[in-house]
Amino acid sequence: MVLQAVFLITALLTLGSALMVVLHRNLFISALFLIASFFGVAVFYVLLEAEFLAVAQVLIYIGAIATLIVFAIMLSRGMMTGRTSPRNAQALWAAGGSLALGAALLYVVVFRVQWPVAEKAVPADMIQRLGTGLVTDYVVPFELASLLLMAALIGAVMIAREKEV
Amino acid sequence: MIPLSWYLAVAAILFVIGFYGVLSRRNAIAILMGIELMLNAVNLNLVAFWRYTQPDQVAGQVFAIIVITVAAAEAAVGLALFIALYRLRGTVHIDEIDLLRG
């Protein structure tokens, strides 16, 4: 009962913040609501007993990605409020398409499919297993991800730097 | 216990909100924020399926970690591109960036 209440409140806050992200005129306020939305997803991870992912969500999404977005907004200042509309010419079509897609997804997810309810417990040493898995069974994707991250960071520095070579 | 369909419904709505943001915004940074919302929804789906089907395996969580890494790389490169673009053209509105228009 308490869990359901926590879930519903979190869902309300997360989805409300997400709506503000896409609807608010001021881009900076959008970015702040984006942080709130990321935090709501972290709460969902805690509810799903994925503690490591909850911490990673707060550290990476809120600590790194949201900060990067705020920096980019400030570096392109003057763009964030503007006198023109924040929406493009196809916004109405986009709203219609999104509503249709959302209705279809919700119909399938809630009414059409019988989802498994089998309740297995999460092992107590889940984080230890995850760490072991990342350097044994899943070492190739793990190393590939680190390579991708390094390439992306070097590329980002090269693209964004001031001086032309 | 919370049914799996609740998580899937929240993830679906979050995805659609991000989708609308990507399609309707003019500012490229706002579009990137929409993409981040969509990636969050996908991750929520992955973790929910992990919890309700195979909580004793680590594959679901590893998948989510890789998705988070790719999202971070994508944000870094995307924002660097937008900053370079702003320096070059003085705008990050995607409908004013038409260098390739004939």
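The values are calculated or read from the model by the stated rules, or taken from the named source; none is laboratory data. These numbers come from a predicted model, not from an experiment. Every residue, glycine among them, receives a Cβ derived from its backbone with ideal geometry; neighbour counts consider all protein chains shown.
Can you tell me which residues in the range B:19-31 are within 7 Å of chain A (Cβ to nearest Cβ) and of a type outside the set (Lys, Arg)? Walk me through it before giving the result.
From the range B:19-31, those within 7 Å of chain A (Cβ to nearest Cβ) are B:19-21, B:23-27, B:29-30; that's our starting set.
Within the range B:19-31, B:PHE19, B:TYR20, B:GLY21, B:LEU23, B:SER24, B:ASN27, B:ILE29, B:ALA30 meet the criteria.
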Could you give every pair whose Cβ atoms fall below 7 Å, whose first residue belongs to the range A:144-161 and is among the β-branched types (Val, Ile, Thr), and whose second residue is surrounded by 12 or more Cβ atoms within 10 Å (Cβ to Cβ), counting only separations of at least 6 or pairs across chains?
A:ILE159/B:ALA80; A:ILE159/B:LEU81; A:ILE159/B:ALA84
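Kindly indicate whether A:THR14 is among the hydroxyl-bearing types (Ser, Thr, Tyr), crowded, with 18+ Cβ neighbours inside 10 Å and either modelled with pLDDT of 95 or more or part of a loop (DSSP other than H, G, I, E, B) (or both). Can you show your working first?
On the way: among the hydroxyl-bearing types (Ser, Thr, Tyr): yes; crowded, with 18+ Cβ neighbours inside 10 Å: yes; either modelled with pLDDT of 95 or more or part of a loop (DSSP other than H, G, I, E, B) (or both): yes.
It is true that A:THR14 is among the hydroxyl-bearing types (Ser, Thr, Tyr), crowded, with 18+ Cβ neighbours inside 10 Å and either modelled with pLDDT of 95 or more or part of a loop (DSSP other than H, G, I, E, B) (or both).
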Which residue pairs have Cβ atoms closer than 6 Å, lie 6 or more positions apart in sequence or on different chains, and pair a first residue in the range A:27-55 that is facing another protein chain (nearest Cβ under 7 Å) with a second residue that is assigned to a loop (DSSP other than H, G, I, E, B)?
A:LEU27/A:MET80; A:SER30/A:HIS24; A:GLU49/A:VAL122
When A:LEU75 is run through (1) surrounded by 17 or more Cβ atoms within 10 Å (Cβ to Cβ); (2) facing chain B (nearest Cβ under 7 Å); (3) not acidic (Asp, Glu), the failure sits at (1)
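Those residues that are of a type in the set (Phe, Trp, Tyr) and part of a loop (DSSP other than H, G, I, E, B), I need them from the range A:98-138; list them, please.
In the first step, residues of the range A:98-138 are kept if they are of a type in the set (Phe, Trp, Tyr); the result is A:107, A:111, A:115, A:138.
Across the range A:98-138, the qualifying residues are A:TRP115, A:TYR138.
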By residue number, the members of the range A:131-157 that are surrounded by 12 or more Cβ atoms within 10 Å (Cβ to Cβ), aliphatic (A, V, I, L, M) and either in contact with a strand residue (DSSP E or B) (Cβ under 9 Å, 6 or more places away or on another chain) or within 29 Å of B:ILE83 (Cα to Cα) (or both) are A:LEU144, A:ALA145, A:LEU148, A:LEU149, A:ALA151, A:ALA152, A:LEU153, A:ALA156
Can we say B:ARG51 is of a type in the set (Lys, Arg) and facing chain A (nearest Cβ under 7 Å)?
yes
